[in-house]
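Before any comments, here is the structure.
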Amino acid sequence: IGLAATQIGRTEAFFVAQPPQGKFYAVFNPKITKTEGKPVAMEEGCLSVPGQYGETMRYEKLTLEGQDQNGKEIKIKAWGLLAHIFQHEYDHLQGRLYIDHAKGVKSHEHIA
């Protein structure tokens, strides 16, 4: 669903994201400029922590600003899964992983 530059050993501030059946986003120098509502829980996993998942609280709505792949200023209002993805990828660029604040982290081996 998403991949941040830090996950592939790059120091540039950018990520790509594409929710299922959704639009593809490439965001450079992203900054979350506004959050709305109370955080909501959603189960997350990550390529950086293979085989594990956990419930993470993230804001339901946000505004993300940055640049597109051509350097054009962009402003995206996101909610639901897309807002969750943006926060997850933005966290990577800030040196955080979802397991730093997830509850009940489990491994896939425990799935019956």
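Observations, loosely collected:
- A Cβ distance below 7 Å, combined with a sequence gap of six or more or placement on separate chains, defines the contacts here; from region 47-59, residues that are without any contact (Cβ under 8 Å) to a residue 24 or more places away in the chain reach no residue that is surrounded by 14 or more Cβ atoms within 10 Å (Cβ to Cβ) and among the hydroxyl-bearing types (Ser, Thr, Tyr).
- Which numbered condition Ser48 misses (of (1) open to solvent by less than 20 Å² (accessible area, probe 1.4 Å); (2) under 16 Å from Ile99 (Cβ atoms); (3) among the small types (Gly, Ala, Ser)): (1)
- Among the residues of region 46-98, those identified as among the charged types (D, E, K, R) and in a strand (DSSP E or B) are Glu55, Arg58, Glu60, Lys61, Glu65, Glu73, Lys75, Lys77.
- Index of the failed condition, Phe86 passing every other in (1) at pLDDT 95 or above; (2) in contact with a helix residue (DSSP H, G or I) (Cβ under 9 Å, 6 or more places away or on another chain); (3) not aliphatic (A, V, I, L, M): (2)
- In this entry, Asn70 is excluded by the filter for residues that are farther than 21 Å from Ile99 by Cα and under 15 Å from the mean Cα position of the chain (by Cα).
- Positions within region 24-41 being out of contact with any strand residue (DSSP E or B) (no Cβ under 6 Å at 6 or more places or on another chain) and in a strand (DSSP E or B), in sequence order: Lys38
- Within region 60-112, being open to solvent by less than 50 Å² (accessible area, probe 1.4 Å), without any contact (Cβ under 8 Å) to a residue 24 or more places away in the chain and either in contact with a strand residue (DSSP E or B) (Cβ under 6 Å, 6 or more places away or on another chain) or more than 14 Å from Ala13 (Cβ to Cβ) (or both) holds for Ala78, Gly80.
The values are calculated or read from the model by the stated rules, or taken from the named source; none is laboratory data. Bear in mind that the values here come from a model prediction, so they are computed numbers and not experimental data. Positions of Cβ are backbone-derived with ideal geometry, glycine not excepted, and every protein chain shown enters the neighbour counts. Ligands, DNA and RNA are stripped out before the accessible areas are found, and what is left, the full protein with its side chains, is counted by its heavy atoms. Shrake-Rupley method; radii C 1.70, N 1.55, O 1.52, S 1.80 Å.
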